[in-house]
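See structure below.
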Amino acid sequence: NGKMFSTLNEGLSSASRVLVASRNFANDATFEIKKCDLHRLEEGPPVTTVLTREDGLRYYRMMQTVRRMELKADQLYKQKIIRGFCHLCDGQEACCVGLEAGINPTDHLITAYRAHGFTFTRGLSVREILAELTGRRGGCAKGKGGSMHMYAKNFYGGNGIVGAQVPLGAGIALACKYNGKDEVCLTLYGDGAANQGQIFEAYNMAALWKLPCIFICENNRYGMGTSVERAAASTDYYKRGDFIPGLRVDGMDILCVREATRFAAAHCRSGKGPILMELQTYRYHGHSMSDPGVSYRTREEIQEVRSKSDPIMLLKDRMVNSNLASVEELKEIDVEVRKEIEDAAQFATADPEPPLEELGYHIYSSDPPFEVRGANQWIKFKSIS
Amino acid sequence: MAAFAATAGGLLRLRAAGSEGQWRRLRGAGLLRGLLQPESATGVAAQRRHVAHFTFQPDPEPREYGQTQKMNLFQAITSALDNSLAKDPTAVIFGEDVAFGGVFRCTVGLRDKYGKDRVFNTPLCEQGIVGFGIGIAVTGATAIAEIQFADYIFPAFDQIVNEAAKYRYRSGDLFNCGSLTIRAPWGCVGHGALYHSQSPEAFFAHCPGIKVVVPRSPFQAKGLLLSCIEDKNPCIFFEPKILYRAAVEQVPVEPYNVPLSQAEVIQEGSDVTLVAWGTQVHVIREVAAMAQEKLGVSCEVIDLRTILPWDVDTVCKV
């Protein structure tokens, strides 16, 4: 993946400056991670894992990029440069970066609308993402999708109706099995969507046909403003696949997420059928930008998670304490990330909007182009696809 | 939200047909106001933010229903629901997030007033909400279900069309779910995009057994909603979300009914009939005024109010 390599390169070159200046870093370190709760599984993912310096710096940079990108989106939204709906995932960085770390770029991923982080980890640039949020032509969906509809290679969005993406994910998994290339599909949904009927339909099909589908419930404790206890008869989301084996994972620890994902992917690739992962995570922002996020939970709770379980902080502490990186080095990465986000935001603000002529494009796959009626019968748009 | 033009004689007569060419030259994806401006203005209009292209036109204060209070659309809905729960001890309100008042504040205060066994939240499951509502209604209790946005009603489409609409017919009138009313915020709001802007009344408009209603104002909404709740057939009540705060009128505090399946002639005219419902009624009123002023055309403006079964007689009356 070209982008990952270049960020790695930048990471290494700044690191080597520091290296020459002061001390030697360890190449890797072993960490203990939390044991996952298991459902219908004899063994779970390992409880220790090795993190290399290279990987650590890469994960740190990616998580920091997602964090700053979301905060920049918050800022742009408040300045009314981003309009419409905007669902931010700061606090959940370990999920998107950890999942990506556990799979290959040729695997597939689909999720609902809290998707900016996944869009980035699946390979798009911050520029394309922010420009899509501001609705400009440089955006990844040409400015026509917005926050909820971002797509990339092997990343199927970006979907507005919760739960609807899960049968889609099962279908993608079927295609993976059929094509025989050993690929898996990560199908994500939230704790609110976990109560939708179509998810259970997808569980049944995936288990019946042994599809290589990893169902992932991103449990951030609140479905919009409703806490999990008030919405679900069983909050053990990892068990709700019933006949599908499941694991409950600490979603704030990127290493835990990575190991669990590797375990789950291996399970699917070996032909054993689907598996379910519950990632216990937290979002700092409200459900969307129109939700302050404090009417259904206390500021103290948010503060507590920030100070005790922040995923970036956890990784940073681990790396610094085991001599995988220095505080200064990570600060340098912070500075570079900030600059990258700032440049992307400039682009996203300055880029022009898509031309009005394109309003009717891509409704059907059509050859030759045809005409689409606008808001009244005298306004016509050409539809080309 | 739609409008179509038809004359009593079936011919579309618009004087100054030459202006049609002018309309074609103009670029503007907005509603009619953006369209009927000279070309130079709309060159800029294409890049301008289009938020609301209409002005809500309140009706005169109604005198025949007792004391009135200034209310916007969501307050009128709350008032109707309050009246219903007070009059009918079997009435219950349920849906996503209705307990704290609802994402549009339509159910504020009702849980405190009537108790948590009468106003309660459901999990995220539209098909379940409507199916559950049908079950409540079949036992004879009054079920008022809320679907959080009309865009989310589709998982419940089977329940509405196959279960609710046909219950009375297939049981030979032994059972019915007539005391079910489904409410949903409806229509474009400017920033809703694909999944917070839809107007799906057309999908339901061809399903015998249910009634579909769309009000244009707070006064109409309260009366129509009360009629839907009391009607002995399952009803879907779409509330134009852009009017929740923007539409303010004097609305009677006591309950009253606006009849279903009756269109209202808002303005009489002799050349063209314009039929609309919901938010578009206000756009059409402006259009009628403009047509009179600029083209000398006399328009009859009709608010359809009930989409199904619709008032054919009023619309087609010469």
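The values are calculated or read from the model by the stated rules, or taken from the named source; none is laboratory data. These numbers come from a predicted model, not from an experiment. Using ideal geometry, Cβ is built from the backbone for each residue, glycine included, and neighbour counts are taken over all protein chains shown.
When A:Asp74 is tested against (1) modelled with pLDDT of 95 or more; (2) within 14 Å of another protein chain (Cβ to nearest Cβ), exactly one condition is not met: (2). Collect the residues in region A:172-190 that are over 17 Å from B:Glu126 (Cβ atoms), touching a residue at least 12 places away in the same chain (Cβ under 8 Å) and not in a helix (DSSP H, G or I), keeping them in residue-number order. Correct list: A:Lys181, A:Asp182, A:Glu183, A:Val184, A:Cys185, A:Leu186, A:Thr187, A:Leu188.
When you check A:Arg262 against the structure, is it away from chain B (no Cβ under 14 Å), basic (Lys, Arg) and in a strand (DSSP E or B), yes or no? I'd like the intermediate steps shown before the answer.
Details: away from chain B (no Cβ under 14 Å): yes; basic (Lys, Arg): yes; in a strand (DSSP E or B): no.
The answer is no for A:Arg262.
Is it the case that region A:354-370 has a residue that's in a strand (DSSP E or B) and surrounded by fewer than 17 Cβ atoms within 10 Å (Cβ to Cβ)? Explain how you work it out, then say what you get.
If we filter region A:354-370 for residues that are in a strand (DSSP E or B), which is where we start, we get A:370.
Adding the requirement that they be surrounded by fewer than 17 Cβ atoms within 10 Å (Cβ to Cβ) leaves A:370.
Yes, some residue in region A:354-370 is in a strand (DSSP E or B) and surrounded by fewer than 17 Cβ atoms within 10 Å (Cβ to Cβ).
Residues that are β-branched (Val, Ile, Thr) and within 20 Å of A:Cys140 (Cβ to Cβ) were ranked within region A:343-373; the one that is farthest from the chain's Cα centre (by Cα) is A:Ile363.
The residue list A:Val162, A:Val166 contains one member that is within 14 Å of chain B (Cβ to nearest Cβ), part of a helix (DSSP H, G or I) and of a type in the set (A, V, I, L, M, F, W, C), which is A:Val166.
Search region B:57-97 for residues being within 14 Å of chain A (Cβ to nearest Cβ) and in a loop (DSSP other than H, G, I, E, B), and hand back the single one that is surrounded by the fewest Cβ atoms within 10 Å (Cβ to Cβ). Even if it seems obvious, please write down each step before you answer.
Step one: list which residues in region B:57-97 are within 14 Å of chain A (Cβ to nearest Cβ), which gives B:94-97.
Filter once more, keeping what is in a loop (DSSP other than H, G, I, E, B): B:96-97.
Details: B:Glu96: 25, B:Asp97: 20.
Here the answer is B:Asp97.
Just one of (1) modelled with pLDDT under 95; (2) crowded, with 21+ Cβ neighbours inside 10 Å; (3) away from every other protein chain (no Cβ under 14 Å) fails for A:Lys142. It is (2). For A:Glu132, the conditions (1) in a helix (DSSP H, G or I); (2) away from chain B (no Cβ under 14 Å) all hold with the exception of (2).
For region B:108-117, indicate whether the set of residues that are under 19 Å from the mean Cα position of the chain (by Cα), over 20 Å from A:Asn195 (Cβ atoms) and touching a residue at least 24 places away in the same chain (Cβ under 8 Å) is non-empty.
Going through region B:108-117, the residues under 19 Å from the mean Cα position of the chain (by Cα) turn out to be none.
The answer is no; no qualifying residue exists.
Taking the stated definitions as given, is A:Ala194 buried (at least 24 other Cβ atoms within 10 Å of the Cβ) and within 14 Å of chain B (Cβ to nearest Cβ)? Yes; evaluated as a whole, the condition is true for this residue. Is it the case that A:Gly223 is at pLDDT below 95 and farther than 30 Å from A:Leu359 by Cα? Here the answer is yes, as A:Gly223 does meet what is asked.
Just give me the residues in region A:78-127 being out of contact with any helix residue (DSSP H, G or I) (no Cβ under 8 Å at 6 or more places or on another chain) and assigned to a helix (DSSP H, G or I), in sequence order. Within region A:78-127, A:Lys78 is the sole residue that qualifies.
Summed over region A:233-259, the residues that are assigned to a helix (DSSP H, G or I) and either within 19 Å of A:Pro46 (Cβ to Cβ) or within 14 Å of another protein chain (Cβ to nearest Cβ) (or both) give a count of 8. Restricting A:Ser290, A:Ser307 to residues that are over 25 Å from A:Ala26 (Cβ atoms) and part of a helix (DSSP H, G or I) narrows the list to A:Ser307.
Residues that are crowded, with 24+ Cβ neighbours inside 10 Å and touching a residue at least 60 places away in the same chain (Cβ under 8 Å) were ranked within region B:154-178; the one that is nearest to the other protein chains (Cβ to nearest Cβ) is B:Ile160. Condition first: hydrophobic (A, V, I, L, M, F, W, C), in the same structural domain as B:Asp173 (by the TED database), over 15 Å from the mean Cα position of the chain (by Cα) and at pLDDT below 95. Can you find one or more residues in region B:234-251 that meet it? The answer is no; no qualifying residue exists.
Quick grid of which residues meet (1) part of a loop (DSSP other than H, G, I, E, B); (2) within 29 Å of B:Tyr152 (Cβ to Cβ); (3) not aliphatic (A, V, I, L, M):
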residue	(1), (2), (3)
B:Lys222	no, yes, yes
B:Ile229	no, yes, no
B:Glu254	yes, no, yes
B:Val265	no, no, no
B:Leu274	no, no, no
B:Gly278	yes, yes, yes
B:Val301	no, no, no
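The condition of being within 14 Å of another protein chain (Cβ to nearest Cβ), touching a residue at least 60 places away in the same chain (Cβ under 8 Å) and surrounded by 23 or more Cβ atoms within 10 Å (Cβ to Cβ) holds for B:Ala150. Check region B:135-146 and report whether any residue there is within 12 Å of chain A (Cβ to nearest Cβ) and either outside any strand (DSSP E or B) or modelled with pLDDT under 95 (or both). Looking for residues that are within 12 Å of chain A (Cβ to nearest Cβ) and either outside any strand (DSSP E or B) or modelled with pLDDT under 95 (or both), one finds none in region B:135-146, hence no.
State whether one or more residues within region A:267-283 are surrounded by 18 or more Cβ atoms within 10 Å (Cβ to Cβ), of a type in the set (D, E, K, R) and touching a residue at least 24 places away in the same chain (Cβ under 8 Å). Yes, the conditions are met somewhere in region A:267-283.
For A:Ile379, the conditions (1) surrounded by fewer than 16 Cβ atoms within 10 Å (Cβ to Cβ); (2) within 14 Å of another protein chain (Cβ to nearest Cβ) are fulfilled apart from (1).
Quick grid of which residues meet (1) aliphatic (A, V, I, L, M); (2) within 14 Å of chain A (Cβ to nearest Cβ); (3) under 26 Å from B:Thr139 (Cα atoms); (4) not in a strand (DSSP E or B):
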site: B:His191; (1), (2), (3), (4): no, yes, no, yes
site: B:Leu194; (1), (2), (3), (4): yes, yes, no, yes
site: B:Cys207; (1), (2), (3), (4): no, no, yes, yes
site: B:Arg216; (1), (2), (3), (4): no, no, no, yes
site: B:Phe219; (1), (2), (3), (4): no, no, no, yes
site: B:Leu226; (1), (2), (3), (4): yes, no, yes, yes
site: B:Lys232; (1), (2), (3), (4): no, no, yes, yes
site: B:Phe237; (1), (2), (3), (4): no, no, yes, no
site: B:Ile284; (1), (2), (3), (4): yes, yes, no, yes
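Among the residues making up region A:201-232, those that are surrounded by 16 or more Cβ atoms within 10 Å (Cβ to Cβ), outside any loop (DSSP other than H, G, I, E, B), within 11 Å of chain B (Cβ to nearest Cβ) and not polar (S, T, N, Q) are A:Gly223, A:Val228, A:Ala231.
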